[in-house]
Structures are given as structure tokens and as C-alpha cells.
Amino acid sequence: QVRLVESGGGLVQPGGSLTLSCAASVNAFHLYTMNWYRQPPGKERELVASITPARTINYADSVKGRFTISRDNAKNTVDLQMISLKPEDTAVYYCNARLTAFSLWGQGTQVTVSS
């Protein structure tokens, strides 16, 4: 079954850290551009970070210097390391796999940054 499964969300205090993981059950994982999106409460979903098959990486300005995306093609996984978390990072985080016109989404994992 083709799917993405996120893990690693939770409650963390401001200034804390979390690492999200996404496990992909797809063939030829190495050909996909992998993305992390987030959707804060009451707001639209936004792109947080992306990594291409060539490992070109892009980040939203709001997370540059704090978040790091990485992929392991041998394990079919993509991680998002998050440090110096802020309350405004609170959102449901979604993993996305994209290959030409094909796009696959995970179910999302909640990250809450609060004291």
C-alpha cells in the first residue's frame, strides 16, 4: 500500500526541540521530492521545507536556521529536526511526496509549543 506515516510530534516547551520522521511506502523513493508542510490552527497549510532527489534543500523563511530536513533513501525516510521551537510553530505537520503530477500525503502529526 502506498502511504506516508509521520511520527515524532508532541508537546514541547518554547526553546525546545523535536524531530519528526516520515516513513514512505513507495517504490523508487529516491526519485521523489519530499516536503514537510504545516497547518497552524485556523490558517492555511504552508510549505516548511523540501528536499529534492539531488538533495537540493529549501526552507520557509520562518524556519531557516532552526529546522533541518534530511532524507535516507536506504530507509525510505525523511526527517525534520526542529530546534528553538516557538509557539508560532504550533501546527499539524504533514509529510508530502511528489513525483511529477503524483502527490502523496501523510495523515499529519501534531506539534504543540507551549509552556
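The values are calculated or read from the model by the stated rules, or taken from the named source; none is laboratory data. Quick caveat: nothing in here was measured; it's all calculated off a predicted structure. All Cβ positions, even for glycine, are placed from backbone atoms using ideal geometry, and neighbour counts span all protein chains on display. Protein only, heavy atoms only, side chains kept; ligands, DNA and RNA dropped before computing areas. Shrake-Rupley method; radii C 1.70, N 1.55, O 1.52, S 1.80 Å.
Examine region 45-61 for a residue that is touching a residue at least 40 places away in the same chain (Cβ under 8 Å), in contact with a strand residue (DSSP E or B) (Cβ under 6 Å, 6 or more places away or on another chain), surrounded by 17 or more Cβ atoms within 10 Å (Cβ to Cβ) and not small (Gly, Ala, Ser), and state whether such a residue exists.
Yes; the residues of region 45-61 include at least one that is touching a residue at least 40 places away in the same chain (Cβ under 8 Å), in contact with a strand residue (DSSP E or B) (Cβ under 6 Å, 6 or more places away or on another chain), surrounded by 17 or more Cβ atoms within 10 Å (Cβ to Cβ) and not small (Gly, Ala, Ser).
Condition first: in contact with a strand residue (DSSP E or B) (Cβ under 6 Å, 6 or more places away or on another chain) and either over 10 Å from residue 34 (Cβ atoms) or surrounded by fewer than 20 Cβ atoms within 10 Å (Cβ to Cβ) (or both). Now tell me which residues in region 64-75 satisfy that.
67, 68, 70
Taking region 33-43, which residues are open to solvent by less than 20 Å² (accessible area, probe 1.4 Å) and either within 15 Å of residue 77 (Cβ to Cβ) or in a loop (DSSP other than H, G, I, E, B) (or both)?
If the condition is that a residue be open to solvent by less than 20 Å² (accessible area, probe 1.4 Å) and either within 15 Å of residue 77 (Cβ to Cβ) or in a loop (DSSP other than H, G, I, E, B) (or both), then 34, 35, 36, 40 are the ones that fit.
Of the residues 111, 78, which single one is among the aliphatic types (A, V, I, L, M) and under 23 Å from residue 13 (Cα atoms)?
On inspection, the qualifying residue turns out to be 111.
Which number in (1) farther than 29 Å from residue 1 by Cβ; (2) touching a Leu at 6+ places or on another chain (Cβ under 9 Å); (3) of a type outside the set (Val, Ile, Thr) marks the one condition that residue 65 misses?
(2)
Kindly list the number of the only condition in (1) farther than 12 Å from residue 111 by Cα; (2) open to solvent by less than 80 Å² (accessible area, probe 1.4 Å); (3) over 14 Å from the mean Cα position of the chain (by Cα) that fails for residue 85.
(1)
Within region 2-23, is even one residue among the polar types (S, T, N, Q), open to solvent by 10 Å² or more (accessible area, probe 1.4 Å), in contact with a Lys or Arg (Cβ under 7 Å, 6 or more places away or on another chain) and modelled with pLDDT of 95 or more?
no
May I ask you to list the residues in region 88-115 that are of a type in the set (Phe, Trp, Tyr), surrounded by fewer than 21 Cβ atoms within 10 Å (Cβ to Cβ) and in contact (Cβ under 8 Å) with a residue 24 or more places away in the chain?
Matches in region 88-115: 105 only.
How many residues are part of a loop (DSSP other than H, G, I, E, B), closer than 16 Å to residue 46 by Cα and not β-branched (Val, Ile, Thr) when one looks only at region 65-114?
Counting residues in region 65-114 that are part of a loop (DSSP other than H, G, I, E, B), closer than 16 Å to residue 46 by Cα and not β-branched (Val, Ile, Thr) gives 3.
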